[in-house]
Amino acid sequence: MGWAIALHGGAGDIPRSMPSNRLEPRKAALHYCLQIGVEALKAGRSPLDVVELVVCALEDNPNFNAGKGSVLTGKGTVEMEACIMDGNTKSCGAVSGVSTVKNAISLARLVMEKTPHIYLGFEGAEEFAREQGIEVVDSSHFITLENIERLKQAKEANRVQIDFTQPIHQELKDGPKGDQIGTVGCVAVDGEGNLAAATSTGGLVNKMVGRIGDTPIIGAGTYANKLCAVSATGKGEAIIRGTVGREVAALMEYKGLSLNEATSYVVKECTPKFTTGVIAVSASGEVAMSYNTVGMFRACATEDGYTEVGIWAGDE
Ligand code: ASP
């Protein structure tokens, strides 16, 4: 038993040939955000605080598809979503369709703590943000040149595009043209086995206005209970169909699988290939990071000194 933390910056068809000017800042951000989380856990912050803190740092980094780096809808606008969940109490909060809130994950936490509800969207979420006095910015804050270019490419190809995709897999060429991948998430457990999960995203490039993905859906992109905390990334529609987060917990609860067995099973059997990445921690301090995509931006650390930062298989 000990603390453990894992985070992701999205899974997908990340080309190994990705130029170093795109790769290195992302790698550096993984190291930096992991360090923030580890220090907070060591300082005795609650797992809920830790996952919020780490996801805020990832949201503020323009290299990931959340917060500042959010991808654009088909109308060139930003609609962010986020979700946070406390494993002990199963308290949770989620937001969708947020376009001016600097850190959507903190708004999700306010929904959890200050409302009788779980999930607010669009104007209601924006109005609540203003009532709470959380930091808001002009929507232009979230619109990066890289994402304007991505949207242009997606429109030219007439598809909803995956961030890192070169369409090398037949499944991706033929599959539902559905997907920007680059969401961020964090899961953490402390030495007492308290668990929390948080996920935040801009969604998919060229998504329909109003589209809601897996990230804010409890039991799909985000889930935590007394056994484990899970955050997923990938094709939201596939993750929702697979109830990915809840499935990991259910396999542990009802089948007695270990965290690693449960996440591997879900990634292999419950979602189609090239769609899903999952990070998870268990109450006993195990960490799992599984994906059926080409790669996943990921990092983890445990109290007993294990650390991993990687993108593809075998490069940890
Ligand atoms: N799962 C997210 C969505 O479908 C995208 C991602 O993980 O990058 O909205």
Considering only segment 34-56, I want to know if a residue exists there that is under 19 Å from Lys114 (Cβ atoms), buried (at least 24 other Cβ atoms within 10 Å of the Cβ) and within 16 Å of the ligand (Cβ to nearest atom). yes
For His117, only one of the following conditions fails: (1) part of a helix (DSSP H, G or I); (2) of a type outside the set (D, E, K, R); (3) surrounded by fewer than 24 Cβ atoms within 10 Å (Cβ to Cβ). What is its number? (1)
The one condition Ala11 fails out of (1) surrounded by fewer than 14 Cβ atoms within 10 Å (Cβ to Cβ); (2) within 16 Å of the ligand (Cβ to nearest atom) is (1)
Any idea which of (1) at pLDDT below 90; (2) under 27 Å from Lys42 (Cα atoms) is the one Glu192 doesn't satisfy? (1)
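Does Lys155 satisfy the criteria of being basic (Lys, Arg) and either at pLDDT below 90 or closer than 29 Å to Val287 by Cα (or both)? Reasoning before the result, please.
Details: basic (Lys, Arg): yes; either at pLDDT below 90 or closer than 29 Å to Val287 by Cα (or both): no.
Here the answer is no, as Lys155 does not meet what is asked.
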Report every pair of residues separated by at least 6 positions or lying on different chains whose Cβ atoms are under 8 Å apart, first residue within segment 84-96 and assigned to a loop (DSSP other than H, G, I, E, B) and among the hydroxyl-bearing types (Ser, Thr, Tyr), second modelled with pLDDT of 95 or more and surrounded by fewer than 24 Cβ atoms within 10 Å (Cβ to Cβ). Ser91/Met112; Ser91/Glu113
Give me the pairs: first residue in segment 245-274 and closer than 17 Å to Lys235 by Cα, second residue among the acidic types (Asp, Glu) and surrounded by fewer than 18 Cβ atoms within 10 Å (Cβ to Cβ), beta-carbon distance under 8 Å, and six or more apart or on different chains, which are they? Pro272/Glu171; Lys273/Glu171; Phe274/Glu171
Name the single residue, out of those in segment 212-256 being near the ligand (Cβ under 9 Å from one of its atoms) and assigned to a strand (DSSP E or B), that is surrounded by the most Cβ atoms within 10 Å (Cβ to Cβ). Ala232
Any chance segment 193-211 includes a residue that's in a loop (DSSP other than H, G, I, E, B), more than 16 Å from the ligand (Cβ to nearest atom), touching a residue at least 60 places away in the same chain (Cβ under 8 Å) and out of contact with any helix residue (DSSP H, G or I) (no Cβ under 9 Å at 6 or more places or on another chain)? yes
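The values are calculated or read from the model by the stated rules, or taken from the named source; none is laboratory data. Every value quoted in this text rests on a predicted model; they were computed, and no experiment measured them. Every residue, glycine among them, receives a Cβ derived from its backbone with ideal geometry; neighbour counts consider all protein chains shown.
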